[in-house]
Amino acid sequence: MEGHDLSKLRLEKPVGRAGLKRRRRGVWAAVIIAATVIAALALGGVFSPSVEVSASTVSLAYPSEELTLLNASGYVVAQRKASVASKTTGRLVWIGVEEGSDVLKGAVIARLENEDVEAAKAGAVANLVVAERGLDQAKAEQKDASLNFERNKALLAEGIVSKSEYDAGDARYKKAHASVEAAKASINAAKAALKAADVSVEYTLIRAPFDAVVLTKNADIGDIITPLGAAANAKAAVVTIADMDSLQVEADVSESNIGKVLLRQPCEIELDALPEARFKGEVHMIVPTAERSKASILVKVRFREKDARILPEMSAKVSFLSRELNDDERAPRLVIDPSAIVAEGGKNIVFVIRGDGTAAETEVALGEKMGAAIEVKSGLKAGEKVVLAPSRRLKDGSKIKALEK
């Protein structure tokens, strides 16, 4: 057999009984392993269908909700608020505040150009000095005239001076007295002129009318400030300020419910900007007029406690309460739907829905009922989801499909 490589030829050996046995044992081992894995997966619920359940979220509730007679919405409003402007027209040359600045009553917060009125004041000061020196001169002349008059009076009695000399001395004394009175009047006039100059200077200084916080800055250096703001590009108000101690909630209450509101009635205030906080309040005023278009009456609710986070124009909700809250009733409490609780062996059990879609059996400690819910003192956290009305076949680790309630 030319052209063929006989060295590569191989003859297969016949399979004996021992080889067949080994193959059979390998197959059975593979089957046993596969069965074990399948059983483990089955026990783990891999092949079990998900149980559809209703779910509810664990939430926080305030005890005040049980005492609420009426709810109303409104806004935080400063009862003392001012747009601070000047009484005279001028160019703004300095401003010392910005939004959020605290200002004290009487503090200078801005200044207009005032070189002209400052010069007028300096002239008034000088005129007052001249008038005072004139009074000193008039008093000296009066003293000399008085001495001369008394001397001539004594000499006239002795016949040493003539009657004409006496009369001249008398006239001089009266003239000196009149000069003193005129000098005093000049001083009063100079003081009045100085006061007017002070007022003119003061008009250029813009001061805070009360202790407050700056809400807005309406003008900048170089702007023309005028009391009426009628001129082109002129500004009337330099800043807008508010007394933060005067903040109140102004809420609209429908006419049909106004009978549930009383003066000094306790309230609880919730601000949309601070949902985690509740503030104590009370009815300060029921405005004695109705809003025809809304069929409502304005009710002003004051804060009983101050908080720097409360700002004007924040939206607010007011709960009018039937009684004052106790200290232990102010904090929120954890609550769930009572149907989520299963009594088992003297314990209260709920099924918490895990992130992987399985149920976790959890023991909880319960508190008092709060309306349609019940308080949970321990075992759960706010935001967790629990199974409602769990069935008997639901166990710890069961795979579930939650339907939100």
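Separation of the stretch 309-385 and the stretch 178-243, taken as the distance between their Cα centroids, equals 60 angstrom. What is the helix-to-structure angle for 17-43, meaning the angle in degrees between its Cα long axis and the longest Cα principal axis of the chain, kept from 0 to 90 and rounded to the nearest 10? Between the helix axis and the principal axis of the chain, the angle is about 40 degrees. Highest GNM mean-square fluctuation among GLN142, GLN265, GLN79, for the chain modelled with Cα contacts below 10 Å: GLN142. Charged neighbours of LEU156, selected by a Cβ distance under 15 Å, balance to -1 (K, R count +1; D, E count -1).
Where only DSSP H runs of four or more residues are counted, the chain gives -10000 deg cm²/dmol as its mean residue ellipticity at 222 nm, each run worth -39500 (n - 2.57). For the chain, find the longest principal axis of its Cα atoms and tell me its angle to the long axis of helix 115-158, 0 to 90°, nearest 10. Its long axis makes an angle of about 30 degrees. Listing SER86, SER179, SER378 from fewest to most neighbouring C-beta atoms within 10 Å gives SER378, SER179, SER86. The trypsin sites (Lys or Arg not before Pro) of the stretch 214-288 that DSSP puts in a loop, and whose beta carbon has at most 15 other beta carbons within 10 Å, are ARG264. Helix 163-203 and the longest principal axis of the Cα set of the chain meet at an angle near 10°. Mean sequence separation of contacting Cα pairs (under 8 Å, at least six apart), scaled by the length of the stretch 115-203, corresponds to a relative contact order of 52 percent. Labels on offer are (i) -0.73, -1.01, -1.16, -1.31; (ii) -0.96, -1.08, -1.14, -1.21; (iii) -0.64, -0.91, -1.05, -1.18, and the one holding log10 I(q)/I(0) by the Debye sum over Cα atoms at q = 0.10, 0.12, 0.13, 0.14 Å⁻¹ computed from this structure is (ii).
With contacts taken as Cα pairs under 8 Å at a separation of at least 6 residues, the chain carries a relative contact order of 25 percent.
Loop-located trypsin sites (Lys or Arg not before Pro) in the stretch 98-137 (DSSP state not H, G, I, E or B) with no more than 13 neighbouring Cβ atoms inside 10 Å: LYS105. Taking other Cβ atoms within 10 Å as a rough exposure proxy, SER56, SER322 sort from fewest to most as SER322, SER56. Annotation for GLU305 and TYR75: the two label points, set 7 Å from Cα along the Cα-Cβ direction, are 2.7 nm apart.
Every read-out reported here was derived from the displayed coordinates using simple, explicitly stated rules and does not represent laboratory data. Treat the numbers as computed from the prediction; the structure is a model and nothing was measured. Please note: Cβ atoms are built from the backbone with ideal geometry, for glycine as well, and neighbour counts cover all protein chains shown.
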